[in-house]
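The values are calculated or read from the model by the stated rules, or taken from the named source; none is laboratory data. Remember, it's a predicted structure, so these values are computed and weren't measured experimentally. Every residue, glycine among them, receives a Cβ derived from its backbone with ideal geometry; neighbour counts consider all protein chains shown.
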Amino acid sequence: MKKPIYMDYHATTPVDPRVVEAMLPYFTEKFGNAASRSHSYGWEAKEAVDKARRQIAGLIGATPEEIIFTSGATESDNLAIKGVAEMYAERGDHIVTVATEHKAVLDTCKKLAKRGFKITYLPVRPDGLIDLDQLRAAITDRTILISVMHANNEIGVLQPIREIGRVARERNVLFHTDATQSVGKIPVNVNADHIDLMSLSGHKMYGPKGIGALYVRRKNPRVQLTAQMDGGGHERGMRSGTLPVTGIVGLGEACALCQSEMAAESARMAALRDRLRDRILAELDEVYINGSMEHRLPNSLNLSFAYVEGESLLMGLKDVAVSSGSACTSATLEPSYVLKALGVGDELAHTSIRFGLGRFNNEEEVDYVAGRVIEAVQRLRELSPLYEMAKEGVNLKKVEWAAD
Amino acid sequence: MQYSDKVLEHYEKPRNVGSLDKNDPGVGTGMVGAPACGDVMKLQIKVNSESGVIEEARFKTFGCGSAIASSSLVTEWVKGKTLDEALEIRNSDIATELSLPPVKIHCSVLAEDAIKAAIEDYRKKQGSNHRDDPGNS
């Protein structure tokens, strides 16, 4: 076993060696600019880009012309939301999004709010999903965009995007989804799911960092965007800049691999994930699963270990690479806003760990990680005054804490 | 986050973990912090009634590694000190000893508060046991 064991696949993934293989020639002998029309270096680069476009489109049920290359999902989110807001400003000034979105969406909306747009942040239920009736009620005749993520990056829950897409279509509002965590892991189809704009990223699906895409619907309806990057008019004028051919080839190959292996891989991920959960829950009491288990990515698990602070638990798991929703891992000292939105109390939000499984994990690693988690939690609970009080029957919610 | 060797050492081998009988009149208990803030420290001292010296100290802490290390360290420091000497321990001493980064200074502040709270609890107990001794109330 190679240590530390990597179980943080929501943060990033290694590039699949087959993807690296596909990319290599485009660094050296096939280094052309895809926009060069006058020689074969340009032609072969363009051919590679066209193939990647087909591979990406194939994975999500789009046409190749609907794929706009970007530097990653953050840029895709910015381009989708700001681009629509500016393009459709005459039609309306209202955007509906969700409290648990990624910062790339939330902070983009915040910036638009400063420029006079009205933003509705839908709450989520305790399972992490939005209420469709609340979505319907939020839409006004000034609403131009609904932006709801597919899979949440922290807790892995899946929003009902097909139903959201249907609501958007009925009300004649554009629908953007940040599908960074879900594309390549579970089926996403822009037509069946009524998606008008969709952000995706290479490095979350075994492709390289620094490359992503925005799907932009061309028909029924034809979506227009105000470019956020001006220049040579690449990507149908929506995103100027010389195409990074190596990254694009990598993203295309990553998509093709995900498509051909998705069924087997997602079943394997779910089995590993459930094994991890079952082992931990069998040995430890007062462990809570954050977010819906039913509507969830197959590779995702987020657990709160009551009475044990998350960062100290990470310290105890030093040969395991996972991440924590604990305040102490960030500079802000605020616990996860996603868990807060689910109604998870601060005391449990401080104790959460995110496990993200991936292509290169195996059963042996899962058993090892489960064992280390159990050991570390038991040791830290022996050190925890809260665990001691709880065992003595003290109701911790009724204690008057000195620092409250 | 990168931890100093001293923080890691206290985290791996915390000193004086445990609890003393909180109903013992010779024991002072300080509980500071709150679960919602991500830090709760319980520090207990056992004081020799003759000499006024802290003979034993125990802690339990819910919190990050720096919080655990800070409380582990102060159990070592208060032992053998009189109450007034223990009250002179400053959070900056703790932070310096453990090389805490700025974002973790609050852990050392909490440890200093825990010492004060434990001593106050002890003195309060003594005061209620010896009502004729105004100096301790």
Give the residues of the stretch B:4-23 that are within 12 Å of another protein chain (Cβ to nearest Cβ) and either among the polar types (S, T, N, Q) or in contact with a Gly (Cβ under 6 Å, 6 or more places away or on another chain) (or both), sorted by residue number.
B:7, B:11, B:16, B:19
Among the candidates B:88, B:76, B:97, residue that is more than 14 Å from chain A (Cβ to nearest Cβ), farther than 19 Å from residue A:308 by Cβ, of a type outside the set (A, V, I, L, M) and not in a helix (DSSP H, G or I)
B:88
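Going residue by residue through the stretch B:49-64, is there one that turns out to be among the aliphatic types (A, V, I, L, M) and within 11 Å of another protein chain (Cβ to nearest Cβ)?
Step one: of the stretch B:49-64, the residues among the aliphatic types (A, V, I, L, M) are B:53-54, B:57.
Imposing the further condition that a residue be within 11 Å of another protein chain (Cβ to nearest Cβ) reduces the set to none.
No, the stretch B:49-64 contains no residue that is among the aliphatic types (A, V, I, L, M) and within 11 Å of another protein chain (Cβ to nearest Cβ).
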The residue that is farthest from residue A:128 (Cα to Cα), considering only those in the stretch A:318-339 that are modelled with pLDDT of 75 or more and either within 12 Å of another protein chain (Cβ to nearest Cβ) or in a strand (DSSP E or B) (or both), is A:318
Residue that is closer than 30 Å to residue A:141 by Cα, at pLDDT 95 or above and of a type outside the set (S, T, N, Q), where the choices are A:99, A:52, A:22, A:48:
A:99
Residue check, residue A:16 against (1) surrounded by fewer than 17 Cβ atoms within 10 Å (Cβ to Cβ); (2) in contact (Cβ under 8 Å) with a residue 60 or more places away in the chain, all met but one. Which one?
(1)
For residue A:319, only one of the following conditions fails: (1) under 21 Å from the mean Cα position of the chain (by Cα); (2) farther than 26 Å from residue B:35 by Cβ. What is its number?
(1)
Determine whether the stretch B:46-66 contains at least one residue that is farther than 22 Å from residue A:315 by Cα, out of contact with any Ser or Thr (no Cβ under 6 Å at 6 or more places or on another chain) and of a type in the set (A, V, I, L, M, F, W, C).
yes
Kindly check whether there is at least one residue in the stretch B:100-114 that is among the charged types (D, E, K, R), closer than 29 Å to residue A:347 by Cα, surrounded by fewer than 18 Cβ atoms within 10 Å (Cβ to Cβ) and modelled with pLDDT of 95 or more.
no
Taking the stretch A:376-404 and keeping only residues that are away from chain B (no Cβ under 13 Å) and either assigned to a loop (DSSP other than H, G, I, E, B) or under 20 Å from residue A:2 (Cβ atoms) (or both), one is left with A:393
Might you let me know whether the stretch A:143-154 holds any residue that is buried (at least 23 other Cβ atoms within 10 Å of the Cβ), more than 23 Å from residue A:290 (Cβ to Cβ), touching a residue at least 40 places away in the same chain (Cβ under 8 Å) and not polar (S, T, N, Q)?
yes
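Identify, from the list A:250, A:231, A:210, A:291, the residue that is of a type outside the set (S, T, N, Q) and either within 14 Å of chain B (Cβ to nearest Cβ) or without any contact (Cβ under 8 Å) to a residue 40 or more places away in the chain (or both). Even if it seems obvious, please write down each step before you answer.
On the way: A:250 fails: either within 14 Å of chain B (Cβ to nearest Cβ) or without any contact (Cβ under 8 Å) to a residue 40 or more places away in the chain (or both); A:210 fails: either within 14 Å of chain B (Cβ to nearest Cβ) or without any contact (Cβ under 8 Å) to a residue 40 or more places away in the chain (or both); A:291 fails: either within 14 Å of chain B (Cβ to nearest Cβ) or without any contact (Cβ under 8 Å) to a residue 40 or more places away in the chain (or both).
On inspection, the qualifying residue turns out to be A:231.
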So, of the residues in the stretch A:39-93 that are outside any helix (DSSP H, G or I), among the hydroxyl-bearing types (Ser, Thr, Tyr) and under 22 Å from the mean Cα position of the chain (by Cα), which turns out to be farthest from residue A:191 (Cα to Cα)?
A:71
In the stretch B:54-87, the residues that are out of contact with any helix residue (DSSP H, G or I) (no Cβ under 7 Å at 6 or more places or on another chain), of a type outside the set (Lys, Arg) and crowded, with 18+ Cβ neighbours inside 10 Å:
B:75, B:77
Tally up the residues in the stretch A:341-350 that are within 11 Å of chain B (Cβ to nearest Cβ), part of a loop (DSSP other than H, G, I, E, B) and not small (Gly, Ala, Ser), please.
1
Out of everything in the stretch A:351-375 that is out of contact with any Leu (no Cβ under 7 Å at 6 or more places or on another chain) and not in a helix (DSSP H, G or I), what residue ends up being nearest to residue A:155 (Cα to Cα)?
A:354
Name the one entry in B:43, B:20 that is outside any helix (DSSP H, G or I) and in contact with a helix residue (DSSP H, G or I) (Cβ under 6 Å, 6 or more places away or on another chain).
B:43
So, in the stretch B:24-48, how many residues would count as being within 13 Å of chain A (Cβ to nearest Cβ) and touching a residue at least 12 places away in the same chain (Cβ under 8 Å)?
13
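Would you call residue B:29 among the β-branched types (Val, Ile, Thr), closer than 13 Å to residue B:110 by Cβ, assigned to a strand (DSSP E or B) and under 12 Å from the mean Cα position of the chain (by Cα)? Full working, then the answer.
Values: among the β-branched types (Val, Ile, Thr): yes; closer than 13 Å to residue B:110 by Cβ: no; assigned to a strand (DSSP E or B): yes; under 12 Å from the mean Cα position of the chain (by Cα): yes.
So residue B:29 does not fit the description; no.
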